[in-house]
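The values are calculated or read from the model by the stated rules, or taken from the named source; none is laboratory data. Here the structure is a predicted model, which is why all the values come from computation and not from measurement. Every residue, glycine as well, gets a Cβ built from its backbone with ideal geometry; the counts of neighbours run over all protein chains shown.
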């Protein structure tokens, strides 16, 4: 292991989007057991500092690899097509229309069932976009197109978080109404 290894090399995994989460988790546990600072307590402060750097590096890699969206963005970057979500907001027209429809539906949703239906729709779109990103990365080796897909996925995840917030507000209102009766 070298600190300069990419996450896939560090974890001994193929550089693909398709990954087995259980394998990632198992490898993380094994790596943590190897580099945990407590294992180096008898070797002094310098060895423990190095072990701490390794432990942090392993944890950073694990956070990227275990999350399909972060993993896809990382693969795009490794393949020379960084997502650049802060500077590149370009999306296909059809996806922009979908965003507008979802936002309007969210603004108009007044019931838990309407919000849950909207979330189900977004969850299906998220699953399809993840599958498309995997095909673009693993089958087509098209990192630029995958980067665009990752930007769409980032929007979908933010949108689903907004739905969760609306659901929480409805639950809070329902709780307050029940307490006042």
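Structural remarks
- Qualifying positions in region 65-74 - closer than 17 Å to residue 147 by Cβ and part of a helix (DSSP H, G or I): 68, 69, 70, 71, 72, 73, 74
- Qualifying positions in region 100-125 - exposed (fewer than 15 other Cβ atoms within 10 Å of the Cβ) and within 30 Å of residue 141 (Cβ to Cβ): 123, 124
- Annotation for region 7-28: at least one member residue is on the phi > 0 side of the Ramachandran plot and either without any contact (Cβ under 8 Å) to a residue 40 or more places away in the chain or assigned by TED's automatic domain parsing to the domain that holds residue 138 (or both).
- Residues that are in a helix (DSSP H, G or I) and in contact with a helix residue (DSSP H, G or I) (Cβ under 7 Å, 6 or more places away or on another chain) were ranked within region 9-24; the one that is surrounded by the most Cβ atoms within 10 Å (Cβ to Cβ) is 11.
- Screening the candidates 60, 86, 34, 77 for the property of being part of a helix (DSSP H, G or I), at pLDDT below 95 and outside the structural domain of residue 162 (by TED's automatic domain parsing) yields one hit, 34.
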